[in-house]
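Laboratory data are not the source of any read-out in this text; all were calculated from the coordinates shown. The model shown is predicted, which means the values in this text are computed figures rather than measured ones. Every residue, glycine as well, gets a Cβ built from its backbone with ideal geometry; the counts of neighbours run over all protein chains shown.
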Amino acid sequence: MSIYLGNLSIRDIEKRLGIEIKQEHREWFTQHHQSNAHNIEKGKWHCFDIPFTIVCGDMETAIYVNDALKEFSNQMKTQIEISIDEKMEE
């Protein structure tokens, strides 16, 4: 059984990583944040503090998150994981 804790905002993520992303990306993160950690919706993301991971609702969102953060990878004070919570169609 895995335990995930936290609901970090993009500002919290920036502070923890020691970076400052572009304003256009910060606005996107703010608009697409999902506070509820259960069943992340397509086009949304949620960041846990423990473990430090951003869970995205679909591959497109994960790619956007990765692209927005990757230019800062050499400046980050710690590692962050990006994962996908895609729902299986029945």
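Would you kindly state the longest site-free stretch of the chain, with sites defined as trypsin sites (Lys or Arg not before Pro) in a DSSP loop (not H, G, I, E, B) surrounded by at most 16 other Cβ atoms within 10 Å?
My reading of the result: 43-76 is the longest stretch.
One quarter of the convex hull surface built on the alpha carbon atoms of the chain amounts to 5.9 nm², the projected area averaged over directions. Beta bridges per DSSP, both residues in the chain: antiparallel share near 55 percent. Across segment 10-84, the relative contact order, built from alpha-carbon pairs under 8 Å that are at least six residues apart, equals 31 percent.
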